[in-house]
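Notes follow the structure.
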């Protein structure tokens with residue numbers, strides 16, 4: 001059994017690891033990763049604590065919590081069909097068969113295609129289009145039209161897991177229809193303000209920071225591109241290390257949803273990929289899925305973003321890890337660092 005480490009030992013080893021990572025990235029023209037680690041008796045930050053960055057799909061934690069707030073209020077149920085909550089013109093052609101529910105959307109089992117990641121029948125796929133047309137503005141209905149006109153559903157509702165940003169656009173629209181308010185207003189009033197996330201905003205949809213950290217989508221730097229408007233209810237939040245830590249805390253302490261609701265959201269229902277389980281708008285990391293040598297490490301919960309953004313917490317050990325690796329090509333590297341952090345925190349003297 002590996003010996004325990006003091007908080008100072010863990011901090012020193014993490015600092016050395018992050019310095020090595022920063023040097024390697026600098027040789028490729030990439031900024032150092034933004035990192036925040038909190039544990040009992042330990043706090044480490046690196047790479048720009050106050051610099052806002054695009055949170056990508058970590059934002060799904062906010063959308064999912066807003067949906068579950070409505071479920072808690074009785075506005076609709078997880079079993080409510082999407083067709084009862086949205087106009088037919090918005091859902092037409094997105095599902096292979098009737099019966100898709102709110103729960104299907106939250107758990108990515110509706111069978112709807114993913115407008116951002118999936119292939120298309122004609123034209124450029126969205127991942128290439130955001131770089132090819134950086135000045136293009138996308139509203140939520142255009143995103144649904146893109147999926148409806150250029151893609152096909154991947155299966156009948158409830159049959160299989162298929163990650164779908166299209167499904168989360170539908171969840172955003174459901175929230176607007178039920179509340180009579182804009183999704184942006186709901187995010188601010190029901191999530192950012194209660195959680196104390198004063199440095200966060202829906203990017204390009206409300207007043208926010210003048211600039212954000214650089215980000216690369218398949219090699220194209222897009223931090224100033226209007227085409228980032230493709231991220232809406234599935235990933236439109238700009239935040240900071242500390243604000244995402246506040247989000248994690250607000251989810252586990254009952255500020256945003258009831259404890260039993262958060263437990264339901266984080267209960268793994270499907271395999272996202274090796275080492276990552278998916279619930280309803282939340283993930284659980286199972287490090288042993290990356291390598292058998294990592295068996296025994298805790299299983300933190302939260303969400304991952306395609307830019308190498310992590311927001312994960314282990315309530316039992318009171319640890320939180322927030323990362324931003326700035327690039328779609330750095331997701332693997334982000335996990336190498338997260339694994340290093342998890343191994344060291346597992347040895348932290350308690």
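Just so it is clear, none of the values below were taken in a lab; they were calculated from the coordinates. What you see is a predicted model; the values in this text were computed from it and never measured. Cβ coordinates were reconstructed from backbone atoms using ideal geometry, including for glycine residues, and neighbour counts include every protein chain displayed.
Quick look at the values:
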quantity	calculated
Criterion violated by residue 234 - all others in (1) surrounded by 24 or more Cβ atoms within 10 Å (Cβ to Cβ); (2) outside any loop (DSSP other than H, G, I, E, B) satisfied	(2)
Segment 237-264: number of residues that are under 19 Å from residue 196 (Cα atoms) and part of a helix (DSSP H, G or I)	14
Qualifying residue in segment 317-325 (condition: over 23 Å from residue 65 (Cβ atoms), buried (at least 24 other Cβ atoms within 10 Å of the Cβ) and in contact (Cβ under 8 Å) with a residue 24 or more places away in the chain)	yes
Residue count for segment 213-231, restricted to those that are farther than 18 Å from residue 138 by Cβ and surrounded by 18 or more Cβ atoms within 10 Å (Cβ to Cβ)	2
Meets criteria (surrounded by 21 or more Cβ atoms within 10 Å (Cβ to Cβ) and either within 21 Å of residue 218 (Cα to Cα) or free of Cβ contacts under 8 Å to residues at least 40 places away in the same chain (or both)) for residue 95	no
Only listed residue being over 24 Å from the mean Cα position of the chain (by Cα) and within 19 Å of residue 233 (Cα to Cα), chosen from 78, 106, 85, 66	85
Residues located in segment 18-57, provided they are surrounded by fewer than 16 Cβ atoms within 10 Å (Cβ to Cβ) and either under 11 Å from residue 322 (Cβ atoms) or more than 24 Å from the chain's Cα centre (by Cα) (or both)	19, 20, 23, 24, 26, 27, 28, 29, 40, 41, 49
Residue that is farthest from the chain's Cα centre (by Cα), among those in segment 209-231 that are over 21 Å from residue 330 (Cα atoms) and in a loop (DSSP other than H, G, I, E, B)	210
